[in-house]
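No value in this document is a laboratory result; all are computed from the given coordinates. From a predicted model like this one, the values you see are computed outputs, not experimental measurements. Here the Cβ is made from the backbone with ideal geometry for all residues, glycine too, and neighbour counts use every protein chain on show.
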Ligand code: 3PY
Ligand code: MG
């Protein structure tokens, strides 16, 4: 039986997720076994397609941690499918209005919160569930929705987005947000205006009783966000893990 992100958050308080662009299930399984609390498969900028999401979720379950999927912009049908495949949470990029947030919630939550259609065959198998009615009753609370806040429009609509009942969490995209706040002049998550905006999102989400996530590009940023109390922190990408591991080993081998 798979474990859910909700249960990981309950037991650990916060979590660090791997973030994978590569559509190869062996990489997803390796990430799950590397010590991350959960593994995210990225369909927005990563190379995943529905087939690699289906195989990747199985590989992550084999590694014993929850699987999360970032869908392409506006592809809420894919959000429903990823949940049916057994994703424990969905991250939707570029949620810029309350209408975007409502459409996201509609696709990911069963009634009365949303309009998700029934057919969670793989999700029930992974959860070891056989009673459909019990699964229906538990699933809205057990599968999390992260609305990405990464534009000026999203900041302006934040309180309305946070008030949508089927939205469990916001996830700050600090790179896109820094492009927006610098009017296209810069991409730098650590810009002071960007960090101030992120702190404001964190505080407002806390007041609304919602979870908050953010993307960290370095281990140091991950530590900063842990100290600030974020619930869900994405830590680098598979490309970075590969590059960092290879460059460290090569430097060791070539030293002296
Ligand atoms: C961003 O920083 O814009 C992201 O989408 C991070 O995943
Ligand atoms: Mg982004």
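Data for the structure
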quantity	calculated
Shape of segment 8-119, Cα gyration tensor, a/c cut at 1.5	prolate
The chain: relative contact order in percent, alpha carbon pairs under 8 Å with at least 6 residues between	18
Virtual spin-label span in nm between residue 26 and residue 240, 7 Å along Cα→Cβ	2.5
For the chain, the spread of Cα positions along each principal axis, largest first, Å	64, 41, 31
Base-10 log of normalised Debye intensity for segment 146-191 (one unit scatterer per alpha-carbon) at q = 0.19, 0.24, 0.25, 0.29 Å⁻¹	-0.57, -0.79, -0.83, -0.98
Residues 148, 85, 124, sorted so that the one with the fewest Cβ neighbours within 10 Å comes first	124, 85, 148
Cβ-Cβ FRET estimate between residue 7 and residue 224, R0 fixed at 22 Å, reported to 0.05	0.25
Cα shape, segment 67-171, gyration tensor, a/c 1.5 rule	prolate
Spatial separation of Cα centroids for segment 83-100 and segment 132-177, in angstrom	7
Extension gain from residue 251 to residue 208, taking 0.36 nm per residue of separation minus the Cα-Cα distance	10.7 nm
Ellipticity estimate at 222 nm from DSSP helix runs (n ≥ 4, -39,500 (n - 2.57)) divided over the chain, nearest 500	-14500 deg cm²/dmol
